Protein chains: 2
Amino acid sequence: MLGVTILGNNSALPAFDRHPTSQLVTVDDQVFLVDCGEGSQVQLAKYKIRWSRINHIFISHLHGDHYFGLPGFIHSMGLLNRENDLHLFAPAPLQNILNLQFCAAGSTLPYTLHFHPLEQEGELVRTDRCRVSCFATKHRIPCWGFKFEQIRAPRKINPLKARNHKLASSVFDRLKWGEDAINEEGQLINNESVTEAAPKPKSYAYCADTIYDETLVEKVQAVDILYHETTYLKDLADRAALRFHATTAQAAAIALKAGAGKLLIGHFSSKYDRLDAFQQEAREIFPNTELALEGATYFA
Amino acid sequence: MLGVTILGNNSALPAFDRHPTSQLVTVDDQVFLVDCGEGSQVQLAKYKIRWSRINHIFISHLHGDHYFGLPGFIHSMGLLNRENDLHLFAPAPLQNILNLQFCAAGSTLPYTLHFHPLEQEGELVRTDRCRVSCFATKHRIPCWGFKFEQIRAPRKINPLKARNHKLASSVFDRLKWGEDAINEEGQLINNESVTEAAPKPKSYAYCADTIYDETLVEKVQAVDILYHETTYLKDLADRAALRFHATTAQAAAIALKAGAGKLLIGHFSSKYDRLDAFQQEAREIFPNTELALEGATYFA
């Protein structure tokens, strides 16, 4: 299972009860927090999301609308007596900011916070069932996108067929990962005759804040869900470029070129009260587009 | 006019739709923001308070629930194209934190932010009609309370009586400030025969976070409204002391000893869902006690 829950879908200035950027990405048993704008802890509580399951936080860049909720959140986790380690992946300057804040407050956390500075594209986290990697996006300051992928699941062994083919349990591990195996009578048994295919692994790419950038296409190729910012409608392409942001049409073009399964759009400018034009414009180019709505979860 | 509007009345962990500490203090034509917990900018918007009128912000201490909303707020004022200077009074370490945040964001404000480190008790701001001063409170880290006072208003001249007493306008200024004056016929005219008393100047003291501390009594003597934290009910006096906080009974005792006009209590612990016991316990000692309720304004 891979799901993306939206906690905040607005750009810098909170407006129309929309909040600055934050998302929760669930990949099977792992829950990841992606960006943490001001008020994210209140949004998590509003949507009854258990904080204790979050062990990794990813901060895309150090514009305030993507991290001003982080100090309060990690502090609140301490007040709630968190004990598990927490891993924070973020641009390097955040570490000094947090250190100064802790120092000024004369406080320490009751859990260990591991700070991992984002320095180059590549893998950040790997568990048995998923991996998280980062890639650079083009914004006014260093900015990172994140890709979440289920790892290929093992094939499922049919126990009855395995017995019929006289396969010992010692070869099951090799069968799970798609290899053929020799049975107790020295015969080569074809993998597919005793296993069933694993479901296709799902993937999600979060492109953070970015100008229209075709180098993204390769980085997010064929993901099941692509999140691309649409700060502006398509008539404001000039303003978007000036501010290193993107429009509906640009987000949809990236999704189309990348062959994404679904496009999720957000980071709406506070100048827009209604959002229906965002969906309409993007769908003209990429029909399977959804607005990133706060409180909603989108499944790959 | 002196009024106190509550934007947040909770202690560190947001709960029960209560927010971390922030207040707006209005003294005639001046609007002061006192502390700025996470989400304060949203609370200001919710209560339709015009940000542009705020020219001074006071931060009592550097626990996150008193300032984690500040970076977002001063940044948002920039996005709203503020041009007027803004004066920020806060413990010195905040300056480096803000500087690092601005540097990491590669951003500057379109207005001038004057940082005034809080270093000693005394006057911070003086205008024609009011003064603001700070005083130390006893908390786990350096912490400051703030006192807001109307300055003695001028007496009001009765123009008809002044004419009848043949007083020239050149002596009006002296009359306004309570002096007698010589009229055009060389007679000494008693001030009170041509002026009316100015209304009594009002005052408000905000005691921030503090342990029970009787040295506060002198600092807040006879204020019209005293805000004193009540993180806990009176049965948790030990816990309060351990954490450098106060209880209902302790806040009420300070108000009684100081001869305050009204006691306003807040900074409620997240362990309490209902607040009625806070009011009840404080009123047993100091009857004119009000709960600091978000969105409400209390007038001196």
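Read the figures in this text as sums done on the coordinates, not as results from a lab. These figures come from a predicted structure and were not determined experimentally. Heads up, the Cβs are rebuilt from the backbone with ideal geometry, glycines too, and the neighbour counts pull from every protein chain shown.
Quick notes on this structure:
- GNM flexibility winner over chain B from B:Gln120, B:Gln41, B:Gln101 (Cα, springs under 10 Å): B:Gln101
- What the Cα convex hull of the stretch B:99-193 gives, in volume per residue, is 165 Å³.
- Sites matching trypsin sites (Lys or Arg not before Pro) across the stretch A:193-300 that sit in DSSP coil, with at most 16 neighbouring C-beta atoms within 10 Å: A:Lys271, A:Arg274
- GNM result for chain B, Cα springs below 10 Å: residue of B:Asn99, B:Asn190, B:Asn164 fluctuating most strongly: B:Asn164
- Given charges at Cβ of Lys, Arg, Asp, Glu: chain A dipole, positive-most of A:Ala252, A:Phe278, A:Leu44: A:Leu44
- Helices in chain B, meaning DSSP H runs of at least 4 residues, each add -39500 (n - 2.57). Divided by all residues, the mean residue ellipticity at 222 nm is -6500 deg cm²/dmol.
- Full-extension gain in nm, B:Glu185 to B:Asp273, via 0.36 nm per residue minus C-alpha separation: 24.5 nm
- Between B:Asn164 and B:Asn288, the FRET efficiency estimated from the beta carbon spacing at R0 = 45 angstrom works out to 0.55.
- Amide N proximity, the stretch A:125-151 versus B:Thr108 label position 7 Å along Cα-to-Cβ, cut-off under 18 Å: A:140-141
- For the stretch A:90-160, GluC sites (Glu not before Pro) meeting the loop criterion (DSSP other than H, G, I, E, B) and having at most 16 other Cβ atoms within 10 Å: A:Glu119, A:Glu121.
- Relative contact order (percent, whole number), the stretch B:1-62, Cα cutoff 8 Å, 6+ residue spacing: 28
- Shown is the FRET efficiency for A:Asn84 and B:Asp128, computed with R0 = 51 Å from the Cβ-Cβ distance and rounded to the nearest 0.05: 0.35.
- Of all the options A:His61, A:His165, A:His116, the one that moves most in a Gaussian network model of chain A with Cα springs shorter than 10 angstrom is A:His165.
- For the cross-link pairs A:Lys234/A:Lys271; A:Lys48/A:Lys271; A:Lys46/A:Lys219; B:Lys147/B:Lys176; B:Lys147/B:Lys200; B:Lys48/B:Lys156, the ones whose C-alpha atoms lie over 23 Å apart are A:Lys48/A:Lys271; A:Lys46/A:Lys219; B:Lys147/B:Lys176; B:Lys48/B:Lys156.
- Net charge dipole size for chain B [Lys, Arg +1 and Asp, Glu -1 on Cβ; Debye, nearest 20]: 440
- Contact order for chain B, expressed relative to its length and based on alpha carbon pairs under 8 Å spaced 6+ residues apart, stands at 17 percent.
- Shape call, chain A: gyration tensor on alpha carbons, a/c limit 1.5: oblate
- Only the Cβ atoms of Lys and Arg (+1) and of Asp and Glu (-1) were treated as charged; on that basis the dipole of the stretch A:10-84 about its Cα centre amounts to roughly 200 debye.
- Basic side chains Lys and Arg get +1 at the Cβ, acidic Asp and Glu get -1 at the Cβ, and with that the dipole of the stretch A:156-196 about its Cα centre reaches some 160 debye.
- Annotation: the residues B:Trp177, A:Trp144, sorted from fewest to most other C-beta atoms within 10 Å of their own C-beta, follow the order B:Trp177, A:Trp144.
- Applying both filters, DSSP loop and at most 11 other Cβ atoms within 10 Å, to the GluC sites (Glu not before Pro) of the stretch A:186-241 gives A:Glu214.
- Inter-centroid distance (Cα atoms) of the stretch B:34-90 relative to the stretch B:127-196, Å: 33
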